[in-house]
Amino acid sequence: MALLTTEFKAQAEYQAEKLGLTQIPRTFVAHPISDQTQHQLEEKAKAVADDVLKALTDASFMSGRVMDAFDVPKAAVCEGDV
């Protein structure tokens, strides 16, 4: 899964399409990141936490072309309860 800021959404979508990896989940967190306080970062993280957790625990995208593209051994994919 890819975690990016909203500033780079267009570039991320373009790259995913060009690389044939549109099935990889992408979550976009509000931009900017680098100049934020600890509290601001925590709030941004909370805002996308459910999307990130869903993407990381949904093994359906970790099959076929995605797995092959990254040469991930099948044994490395967690299936079932996480």
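Observations on the model:
- Residue that is modelled with pLDDT under 90, in a helix (DSSP H, G or I) and surrounded by fewer than 13 Cβ atoms within 10 Å (Cβ to Cβ), where the choices are D50, D68, D81: D68
- With respect to being among the basic types (K, R) and either modelled with pLDDT under 95 or assigned to a loop (DSSP other than H, G, I, E, B) (or both), K44 falls outside the description.
- Candidate set from the range 16-40 (those that are part of a helix (DSSP H, G or I) and surrounded by 13 or more Cβ atoms within 10 Å (Cβ to Cβ)); member that is farthest from the chain's Cα centre (by Cα): Q40
The values are calculated or read from the model by the stated rules, or taken from the named source; none is laboratory data. Owing to the predicted nature of the structure, the values given are computational and were not obtained by experimental measurement. Ideal geometry is used to build each Cβ from the backbone, glycine not excepted, and the neighbour counts take in all protein chains shown.
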